[in-house]
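K.L.:
My questions all concern the structure below.
The values are calculated or read from the model by the stated rules, or taken from the named source; none is laboratory data. None of the values given here were measured: they were computed from a predicted structure. Quick reminder, even Gly has a Cβ in these numbers, built from the backbone with ideal geometry, and neighbours come from all protein chains shown. All accessible areas refer to the heavy atoms of the entire protein, side chains included, with ligands and DNA or RNA removed. Shrake-Rupley method; radii C 1.70, N 1.55, O 1.52, S 1.80 Å.
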Amino acid sequence: MKKIALIFGVTGQDGAYLSKLLLKKNYIVHGVKRRSSSFNTERIDDIYNDLHNKTNFYLHYGDLTDSLSVLKIIKKINPNEIYNLGAQSHVGVSFEVPEYTANVDALGTLRILDSILTLGMKDRVKFYQAGTSEMFGASKPPQNEKTNFYPRSPYAAAKLYAHWITVNYREGYNIFACNGILFNHESPLRGETFVTKKIVSALCKISLLGKGKLYLGNLYSKRDWGHAQDYVVAMWKMLQQKKPKDYVIASGKQYSVKYFVNLICHILKIKINWKGKGINEKAYLNGKVIISIDKKYFRPTEVDSLLGDSRKARKELKWKPDYNIQSLAKDMVTQEIKNINGKK
Ligand code: NAP
Ligand code: F7E
């Protein structure tokens with residue numbers, strides 16, 4: 001019998017990679033998409049177009065803020081595995097819509113867990129919760145499963161609720177529920193407003209088309225960046241274990257935003273010069289400013305330094321990433337160049 005997976009957040013970066021992985025593993029995959037006035041299935045259109053006649057990939061309208069839709073979809077699909085990847089996932093935006101972020105990211109998780117319980121499905125379903133290194137926030141690096149949480153944004157605080165409610169339903173009701181505590185992971189499918197994708201898009205346009213300018217915020221925060229394609233494998237592995245546990249997933253290397261800018265310039269073979277300090281720091285290409293700082297991208301509270309220690313996952317899940325920062329950056333640049341050339 002084929003396994004059935006249900007993915008909340010199927011239209012996002014990770015949802016697209018996870019769908020492909022599970023289809024390859026011969027699952028039947030159901031995804032929940034939100035109603036939107038414009039198309040929001042761009043990342044999964046290729047799967048849908050290839051497969052919708054073969055009845056392996058299905059989409060359903062639903063929303064994590066709508067308990068009825070959550071309950072009804074879970075009842076109808078009767079899945080073996082539920083992956084909760086749905087979230088208002090932008091840290092900066094969460095300061096502007098804190099209540100909505102809590103509703104989706106914190107209460108959305110509760111809605112799924114309680115639906116599993118209410119429907120009497122706890123012995124059938126395994127549940128994955130998309131936790132985040134942002135929950136560590138201001139805690140000193142390196143961070144692992146034993147590190148204290150210290151959230152620094154409404155997003156991180158909401159995800160912390162989701163983390164603990166997942167632990168609580170596991171301990172209280174014996175639900176097979178795992179928290180993946182994933183550090184930043186990127187890809188060509190990354191949302192346009194996250195810093196890596198924003199940098200890649202802008203610098204490729206500047207390099208290929210000779211137009212555009214990049215405005216950034218804090219250049220000196222450090223992140224542990226991996227590739228989404230590697231990280232969805234870890235999600236799946238967590239649900240294949242005998243016991244449900246929580247795992248940190250990370251590359252174990254840390255780089256600043258400025259390093260990432262310089263790396264992309266290196267790949268594109270463009271030579272920039274940095275001048276100035278603080279808010280006046282700028283990057284020049286052939287004497288012209290191509291990068292400036294815009295205060296609006298600073299956050300009220302920043303997470304300065306994330307560096308994951310994923311030894312537990314590497315040992316117990318036998319998980320290991322294929323990509324490093326260089327191959328990740330190359331993949332993003334290669335795809336972006338294809339996109340630009342396709343649109344020219
Ligand atoms: P993403 O690209 O922003 O995707 C988020 C998904 O959630 C999208 O499908 C989005 O739908 C959906 N969504 C948003 N609000 C919803 C709602 N009210 N009801 C149902 N679905 C909703 O995020 P991602 O990078 O793939 O990340 C996947 C998950 O991992 C998220 O929970 C994120 O917080 C978490 N995470 C991400 C990272 C990372 O570095 N990428 C690291 C740690 C944890 P639309 O397409 O309609 O917007
Ligand atoms: O910012 C700085 C910014 O928005 C990274 C989400 O997937 O990973 C992601 O959260 C850093 C921050 O990712 C700009 O201040 C500078 O220090 O790409 P980001 P994030 O906030 O780390 C975690 C693990 C998640 O769970 C989240 O869902 O870059 N930065 N200038 C900028 N950031 C953005 N977005 N835009 C800028 O212009």
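K.L.:
In segment 202-246, what residues are touching a Cys at 6+ places or on another chain (Cβ under 8 Å), of a type in the set (D, E, K, R) and more than 16 Å from ligand 2 (Cβ to nearest atom)?
P.N.:
Scanning segment 202-246 gives a single hit, Lys245.
K.L.:
For segment 59-109, give me every one of the helices (runs of 4 or more DSSP H) that falls completely inside it and has 1 or more residues that are open to solvent by 50 Å² or more (accessible area, probe 1.4 Å) and away from ligand 2 (no atom under 16 Å from the Cβ). Spell out how you get there, then give the answer.
P.N.:
Working: elements: 67-77, 91-94, 98-101.
Passing ranges, in order: 67-77, 98-101.
K.L.:
Do you know which of the residues in segment 113-172 that are assigned to a helix (DSSP H, G or I) and of a type in the set (S, T, N, Q) is nearest to Lys72 (Cα to Cα)? Before the answer, list the steps.
P.N.:
At the first step, the residues of segment 113-172 found to be assigned to a helix (DSSP H, G or I) are 113-118, 133-135, 154-172.
Filter once more, so that each one left must be of a type in the set (S, T, N, Q): 115, 118, 133, 166, 168.
Values: Ser115: 9, Thr118: 11, Ser133: 31, Thr166: 20, Asn168: 23 Å.
For segment 113-172, the residue satisfying everything is Ser115.
K.L.:
Then there's this: Please tell me if Ser139 is without any contact (Cβ under 8 Å) to a residue 40 or more places away in the chain, within 15 Å of ligand 2 (Cβ to nearest atom) and among the small types (Gly, Ala, Ser).
P.N.:
Numbers: without any contact (Cβ under 8 Å) to a residue 40 or more places away in the chain: yes; within 15 Å of ligand 2 (Cβ to nearest atom): yes; among the small types (Gly, Ala, Ser): yes.
For Ser139, the condition - without any contact (Cβ under 8 Å) to a residue 40 or more places away in the chain, within 15 Å of ligand 2 (Cβ to nearest atom) and among the small types (Gly, Ala, Ser) - is met.
K.L.:
Would you confirm whether any residue within segment 156-172 is at pLDDT 95 or above, within 14 Å of ligand 1 (Cβ to nearest atom) and closer than 27 Å to Gln335 by Cβ?
P.N.:
no
K.L.:
Give the residue, chosen from Ile47, Ile73, that is within 15 Å of ligand 1 (Cβ to nearest atom), in contact with a Ser or Thr (Cβ under 9 Å, 6 or more places away or on another chain) and either at pLDDT below 95 or of a type in the set (Lys, Arg) (or both). Step through it out loud before you land on a result.
P.N.:
Details: Ile73 fails: either at pLDDT below 95 or of a type in the set (Lys, Arg) (or both).
After applying the criteria, what remains is Ile47.
K.L.:
What pairs come up if the first residue lies in segment 62-77 and is in contact (Cβ under 8 Å) with a residue 24 or more places away in the chain, the second is of a type in the set (Gly, Ala, Ser) and part of a helix (DSSP H, G or I), and their beta carbons are under 6 Å apart, counting only those six or more places apart or on different chains?
P.N.:
That search, which allows pairs on different chains as well, returns Gly62/Ser69; Asp63/Ser69; Leu64/Gly108; Val70/Ser115; Leu71/Ser115; Ile74/Ser115.
K.L.:
Next question, about the same structure. Within segment 174-270, which helices (runs of 4 or more DSSP H) (wholly inside it) include 3 or more residues that are of a type in the set (S, T, N, Q) and at pLDDT 95 or above?
P.N.:
195-209
K.L.:
Further question on the same structure: Kindly indicate whether Tyr247 is under 20 Å from the mean Cα position of the chain (by Cα) and within 16 Å of ligand 1 (Cβ to nearest atom). So that I can check it myself, show each step before the final result.
P.N.:
Numbers: under 20 Å from the mean Cα position of the chain (by Cα): yes; within 16 Å of ligand 1 (Cβ to nearest atom): yes.
Criteria met by Tyr247.
K.L.:
Inside segment 249-269, can you point out the residues that are aliphatic (A, V, I, L, M) and open to solvent by less than 30 Å² (accessible area, probe 1.4 Å)? Let's see the steps before the verdict.
P.N.:
As a first pass, look at segment 249-269 and keep what is aliphatic (A, V, I, L, M): 249-250, 257, 261, 263-264, 267-268.
Result: Ile249, Ala250, Val257, Val261, Leu263, Ile264, Leu268.
K.L.:
Something else: Across segment 20-45, which residue is farthest from ligand 2 (Cβ to nearest atom) among those that are surrounded by 19 or more Cβ atoms within 10 Å (Cβ to Cβ) and closer than 19 Å to Lys76 by Cα?
P.N.:
The qualifying residue farthest from ligand 2 (Cβ to nearest atom) is Ile28.
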